[in-house]
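Peer 1: One structure follows; several queries about it will come next.
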Amino acid sequence: MKTPNINTIQQNGEYGNLCVATGKAIYEGDPAGTIGSIIKLPAMTKIIGLRMVNDALGSSTTVEVSAVSDSDGTQVLPATSTASAGAESYSGKSILLPEPTALQLTLAGGSATGDVECIVEYVYVGA
């Protein structure tokens, strides 16, 4: 069975090249310091926006979103309080990812129970 993905779809700009990917982390009493990859992006991708939507994860919890490759790490969203349900977004300067990269969530502050969803908007600019 063949399934379309970023490696098999030809981006031609007819309707624009904006792509959206979603990823979700489900915490079940996970301790502070837990790191998890939720979305993988190919090389030569440019992040142009990101939204993080979270449940109330627990008292004093924070989540940081970073773009991490084999040789580099870039903070996309700083540590954000997730003690109550909410949403945060990144709408700064676009971030070019020159090599394959994973979006990672880093939990801090306390143990967490609940969901965190990230919606990343990106453009594949090619080699």
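Peer 1: Compute the semi-axes of the equivalent ellipsoid of the chain, taking the square root of 5 times each eigenvalue of the Cα gyration tensor, and list them largest first in whole Å. Display every interim value, and only then the final one.
Peer 2: On the way: eigenvalues 157, 40, 37 Å².
After scaling each eigenvalue by five and taking roots: 28, 14, 14 Å.
Peer 1: For the chain, which span is the longest to avoid every loop-located (per DSSP) member of trypsin sites (Lys or Arg not before Pro) having at most 15 other Cβ atoms inside 10 Å? Please list the in-between numbers first.
Peer 2: Values: sites that count: 2, 93.
Answer - 3-92.
Peer 1: Moving to a separate point now. Mind checking which aspartates and glutamates have their Cα closer than 20 Å to the Cα of residue 93? Skip sequence neighbours fewer than 8 apart in that chain.
Peer 2: Answer for residue 93, where 20 Å is the Cα cut-off: 64, 72, 121, listed by chain and number.
Peer 1: Sum up the charges of everything whose Cβ sits under 14 Å from the Cβ of residue 118, counting Lys and Arg as +1 and Asp and Glu as -1, but leave residue 118 out.
Peer 2: With Lys, Arg at +1 and Asp, Glu at -1, the neighbours total -3.
Peer 1: Name the residues of the range 73-102 whose amide N is less than 19 Å from a point 7 angstrom out from the Cα of residue 60 along the C-beta direction?
Peer 2: From the range 73-102, the list is 79-85.
A short reminder: the numbers here are calculations on the coordinates, not readings from a lab. Treat the numbers as computed from the prediction; the structure is a model and nothing was measured. We place every Cβ from the backbone using ideal geometry, glycine too, and count neighbours over all the protein chains shown.
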